[in-house]
Amino acid sequence: MIPLREQEYIRERFAQELEGRVRIDHFTQKASALYVPGREECATCEQTGQLVEELAALSEKVSLTIHELSSAPEEAKKLRVDKVPGTVVRGPANRPLRFFGIPAGNEFPNFIEAIIAASKTKQELGPETARQLKKLKDNVSIAVYVTPTCPYCPGVVRAAYRLALASAHIDATAVEIGEFPRIAQALGIRGVPMTVINDRSAIAGAIDEAGLLEAALKAAEGGPLSAPGAHAGATSAVAQSGAPHSSIVLPR
């Protein structure tokens, strides 16, 4: 699935930049031969599984465990996985970075960066970010809703992941919302990136690391954030992803 040229590039980056070991837990759902009322088939599970298998094969420092979601309820609960495809990346700090959906398009390079970042024991943060992060005393969850074609989404996901790796109080998740139309409808998401903090307040549009941290601190204090639909920055329209994605290319 990953072109050979891209595989060689990733292999070299992993060899040079991976510090500690990285564990990937991938949750999937096998296609059912029978019709099951209420069950939604996973359009991208097979392709996402192939993608993570190929990535794990590019470094001995990356280990992969594949779970059938219905057969691994305890592991799914522990890692906070409730839909498929769901992929969890953990490094030496054991701080999970989640991605729901297939990390393709603009999110594929981001996923590579997440694996590399997770392998490091220390995150390189600016002095002001590090200072502000120390103020966080309560747990905060950050969910970033994205699409593969959104040019503004990767930066928000990177910021959320970096903060989660730097603080045990921050939990970060990215969701390819085109694959989960019911969630998009429930949250009223029409543009991405959409960032939801503590499942109650949303910020629509691009937001940098400092802005995201400020929002996390406000959420931890119980303060108001932007109302759903309020724009922090540029957005990209949401399109439902019915078919598997094929864009697995890295920028040079």
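Among the residues of the range 167-184 satisfying the criterion of being under 17 Å from residue 80 (Cβ atoms) and of a type in the set (Gly, Ala, Ser), which is surrounded by the most Cβ atoms within 10 Å (Cβ to Cβ)? By that ranking, first place goes to 174. Checking each residue in the range 80-111 for being closer than 15 Å to residue 64 by Cβ and assigned to a helix (DSSP H, G or I) picks out only 111.
Out of 179, 113, 107, one residue alone is in the same structural domain as residue 203 (by TED's automatic domain parsing) and among the acidic types (Asp, Glu). It is 179.
Is it the case that residue 220 is small (Gly, Ala, Ser), over 20 Å from the mean Cα position of the chain (by Cα), within 30 Å of residue 126 (Cα to Cα) and modelled with pLDDT of 70 or more? Yes, satisfied. Residues in the range 223-233 that are assigned to a loop (DSSP other than H, G, I, E, B), surrounded by 13 or more Cβ atoms within 10 Å (Cβ to Cβ) and either in contact with a strand residue (DSSP E or B) (Cβ under 8 Å, 6 or more places away or on another chain) or modelled with pLDDT under 70 (or both): 225, 226, 228, 229, 232. I need a count of the residues in the range 57-74 that are under 20 Å from the mean Cα position of the chain (by Cα) and either among the polar types (S, T, N, Q) or assigned to a strand (DSSP E or B) (or both). Residues that pass the stated criteria total 7.
Among the residues of the range 173-193, those identified as touching a Ser or Thr at 6+ places or on another chain (Cβ under 8 Å) and under 30 Å from residue 134 (Cα atoms) are 173, 192, 193. With respect to the conditions (1) basic (Lys, Arg); (2) surrounded by 15 or more Cβ atoms within 10 Å (Cβ to Cβ); (3) not in a strand (DSSP E or B), residue 77 lacks only one, and its number is (2).
Looking at 174, 168, just one residue is among the small types (Gly, Ala, Ser) and within 12 Å of residue 97 (Cβ to Cβ), and that residue is 174.
Rundown of residues vs (1) closer than 24 Å to residue 168 by Cβ; (2) surrounded by 21 or more Cβ atoms within 10 Å (Cβ to Cβ); (3) in contact with a helix residue (DSSP H, G or I) (Cβ under 8 Å, 6 or more places away or on another chain); (4) in contact (Cβ under 8 Å) with a residue 24 or more places away in the chain, yes/no style:
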| site | (1), (2), (3), (4) |
| --- | --- |
| 49 | no, yes, no, yes |
| 65 | yes, no, no, yes |
| 71 | no, no, no, no |
| 82 | yes, no, yes, no |
| 85 | no, yes, yes, yes |
| 107 | no, yes, yes, yes |
| 115 | yes, yes, yes, yes |
| 131 | yes, no, no, no |
| 135 | yes, no, yes, yes |
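Among the criteria (1) hydrophobic (A, V, I, L, M, F, W, C); (2) within 11 Å of the chain's Cα centre (by Cα); (3) under 14 Å from residue 209 (Cβ atoms), the one residue 163 does not fulfil is (2).
Restricting the range 117-129 to residues that are in contact with a helix residue (DSSP H, G or I) (Cβ under 8 Å, 6 or more places away or on another chain) and part of a helix (DSSP H, G or I), which is farthest from residue 173 (Cα to Cα)? My answer is 128.
Scanning the range 197-222 for residues that are under 19 Å from residue 110 (Cα atoms) and outside any helix (DSSP H, G or I) yields 205, 206, 207, 208.
Restricted to the range 105-123, and to residues there that are modelled with pLDDT of 95 or more and among the polar types (S, T, N, Q), the residue that is nearest to residue 10 (Cα to Cα) is 110.
The values are calculated or read from the model by the stated rules, or taken from the named source; none is laboratory data. Computed from a predicted model, the values in this text were never measured in an experiment. Reconstructed Cβ throughout: ideal geometry from the backbone, glycine too, with neighbour counts over all protein chains shown.
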